[in-house]
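A.B. asks: First, the structure itself, so that you have it in front of you.
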Amino acid sequence: MLRRKSAGRNGLTVRPWLRRLLAPFGLLVAVFSLQTIASFNPRLVERYYSRGLFPFVARSLSFSKLASFSLGEFLLALLLASLAAGFVWLARRLYVRRAEARVVLLSALSTLLWAAGLALALFMLVFGLNYQRQPLAESFQLEQRDPTASEIVAISGDVVEGINRNYEESGADVEAVRGSRMPLSLDELYAVLESAYENEPLLRGASGARVPPKPVYFSGLMSRLGMSGVYSPFTGEPNYNTLQTDCDLPFNVAHEMAHQRGFAREDEANFIAFLVCTKASNPYVRYSGYLGALRVLGVLFRVAPQSYREIVNALGEGPRADLRARAQFWARYSGRLSQIGQGVNHVYLKVNGVKSGVRNYNEASALIVGYYLKLRAAAPTPAAD
């Protein structure tokens, strides 16, 4: 004699609910499977997605330029408010329908899984697959080796000389607390960076949403989370923290503009920010680019520690004041929230295949060194007498 499946008080069996959860769960599995498959084919991702589909998809987001404020920030605030309201609604529903708590929770879980799956699928379409593209060092044919002691000393010296020279040329005013003041307006900064991006030969063919960088209204919260900027992939907007020190602003805005053009990894975005800023028409923007390249001193300390102090001592007093102002700024905002922000960013990068997580930011030093080594290798050898 056949036995019927037991039903709950609402007449629903277990199997239909499992089927209801399996569909959105399957979508999540499909998205992560696509990411994994893409990671094994970086050249195909580079050709067909990063240089093929992505520019078209990104340009479709250019409607965001019509808003003077950050649509990404607005949508994030709306999402957080919706989640809070949703949890309140769920708690009330569980209280009212205590006898059907299991049904209510399963329904909420199904909705959450569908939302997560659809959001991740959209993220992969509009930006996420760029994490699996061909490494920039290969695309730009940079040197991928450790420098010799003499090479890193020369490279570090060039960076410090670029910092000092462009700082002096900029004629920036200095404030005791905030360091130097950027001697150009934000609109002028955007124009200088956009021109530098368009004129850089290595970035030919790299394009994204035609949306100008936008300031974040909640920059105080952003500072407490330890963030200087963020790219909004769903709106194509490079967003930046308005409170950060001026000396870092051009570099960090250029960093978010690199994400806008499909360079997802943080070390690559930092390298492109250095490349674009140091070739810009404005000396203060160039100064910010060279200041962002000062991370090569970590390589100098590892390869030629005996020369480290000499190179550091060559920094001018103005740049030193800016470095102190930067340290004091982030020290004011350090705390539990900044640790949470770094932790979330670390997990985000790891999930997207960046094995080193937040350490990836400083890995730009290898790309900067590789770029200088490539330039030196291509330089003509002096003719013998």
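Quick note: the coordinates plus some simple rules give every number you see, no bench work behind them. Predicted, not measured: the structure shown is a model, and the values here were computed from it. Glycine also receives a Cβ, built like all others from the backbone with ideal geometry; neighbour counts cover every protein chain displayed.
A.B. asks: When N is the residue count of the stretch 219-303, what does its C-alpha Rg come to as a fraction of 2.2 N^0.38 Å?
C.D. replies: Details: Rg = 13.2 Å, N = 85, 2.2 N^0.38 = 11.9 Å.
Its radius of gyration relative to the 2.2 N^0.38 Å reference: 1.11.
A.B. asks: As I understand it, the dipole of the chain uses +1 on the Cβ of Lys and Arg and -1 on the Cβ of Asp and Glu, about the Cα centre. Which of Y348, S307, P212 lies farthest toward its positive end?
C.D. replies: Of Y348, S307, P212, it is Y348.
A.B. asks: Short version: ³J(HN,Hα) in whole Hz for each residue of the stretch 263-271, in order, from phi by Karplus 6.51 cos²θ - 1.76 cosθ + 1.60 (θ = phi - 60°), x for Gly and Pro, what are they?
C.D. replies: For the stretch 263-271, the Karplus curve yields 8, 7, 5, 5, 5, 6, 5, 5, 4 Hz.
A.B. asks: Still on this structure: Rounded to two decimal places and with Rh computed the Kirkwood way over Cα pairs, what is Rg over Rh for the chain? Walk me through the intermediate numbers first.
C.D. replies: On the way: Rg = 24.8 Å, Rh = 23.3 Å.
Using Cα coordinates only, the ratio equals 1.06.
A.B. asks: Once you charge only the Cβ atoms, +1 for Lys and Arg and -1 for Asp and Glu, what is the size of the charge dipole of the chain about its Cα centre, to the nearest 20 debye?
C.D. replies: 3140
A.B. asks: Which residues' amide hydrogens lie under 5 Å from the amide hydrogen of K214, considering only partners 5 or more residues apart or on another chain, with H built in the peptide plane?
C.D. replies: Placed amide hydrogens put N239, Y240 under 5 Å from K214.
A.B. asks: Here is a further query. Please report the spacing between the Cα centers of the stretch 322-385 and the stretch 232-246 in Å, no decimals.
C.D. replies: 18
A.B. asks: Follow-up question, since we're still on this one. Expressed as a whole number of Å, what is the distance separating the alpha-carbon centroids of the stretch 153-168 and the stretch 35-99?
C.D. replies: Taking the Cα centre of the stretch 153-168 as reference, the centre of the stretch 35-99 is 41 Å away.
A.B. asks: Here is a further query. Indicate, rounded to the nearest 5 percent, the antiparallel portion of the DSSP beta bridges found entirely in the stretch 145-378. Walk me through the numbers before you get to the answer.
C.D. replies: Details: 6 of 8 bridges.
Here the share of antiparallel DSSP bridges comes out near 75 percent.
A.B. asks: In terms of Cα to Cα distance under 19 Å, which lysines are near enough to K279, apart from those fewer than 8 places away along the same chain?
C.D. replies: Result set, ordered by chain and number: K374.
A.B. asks: As an exercise, take the mean of 1/r over every pair of distinct alpha carbons in the stretch 14-132, invert it, and state the Kirkwood radius in angstroms.
C.D. replies: Here the Kirkwood hydrodynamic radius works out to 17.1 Å.
A.B. asks: While we're on this one: Taking only Cα atoms, what is the 0 to 90° angle, nearest 10, from helix 149-170's long axis to the longest principal axis of the chain?
C.D. replies: 90
A.B. asks: If you don't mind, there's one more thing I want to ask. Enter the angle in degrees (range 0 to 90, nearest 10) between the Cα long axis of helix 364-378 and the first principal axis of the Cα atoms of the chain, meaning the one along which they spread out most.
C.D. replies: The angle comes out near 40 degrees.
A.B. asks: Give me the net charge of V369's neighbourhood, meaning all other residues with Cβ under 13 Å from the Cβ of V369; Lys, Arg count +1, Asp, Glu -1.
C.D. replies: Details: positive: R145, R295, R302, K374, R376; negative: E143, D146, E151, D158, D267, E363.
Charge balance near V369 sits at -1.
A.B. asks: Bin all alpha-carbon pair distances of the stretch 183-239 at 5 Å intervals from 0 and give each bin's fraction as a whole percent.
C.D. replies: 4, 16, 20, 23, 20, 11, 5, 1
A.B. asks: Report the gain in length on full extension from F218 to F123: 0.36 nm times residue separation, minus Cα-Cα distance, nm rounded to one decimal. Numbers along the way, then the final one.
C.D. replies: Values: separation 95, 0.36 × 95 = 34.20 nm, distance 2.34 nm.
Contour length minus Cα-Cα distance gives 31.9 nm.
A.B. asks: Most fluctuating residue of R336, R92, R224 in a GNM of the chain with Cα springs under 10 Å: which is it?
C.D. replies: R92
A.B. asks: Any idea what angle helix 283-292 forms with the longest principal axis of the chain, computed on alpha-carbon atoms, 0 to 90 degrees, nearest 10?
C.D. replies: That helix lies at roughly 70 degrees to the long axis.
A.B. asks: Students often forget the sequence filter, so: which lysines lie under 18 Å Cα-Cα from K65 once same-chain residues fewer than 8 apart are removed?
C.D. replies: K214
A.B. asks: Okay, moving on. Need one number: convex hull volume per residue for the stretch 92-182, Cα atoms only, in Å³. List each step's numbers first, then the result.
C.D. replies: Values: hull volume 26.6 nm³, N = 91.
That works out to 292 Å³ per residue.
A.B. asks: Further question: Among 357-366, 178-187, what's the highest-first ranking by average C-beta atoms within 10 angstrom per residue?
C.D. replies: Numbers: 357-366: 18.9, 178-187: 16.5.
Most protected by this proxy first, the peptides run 357-366, 178-187.
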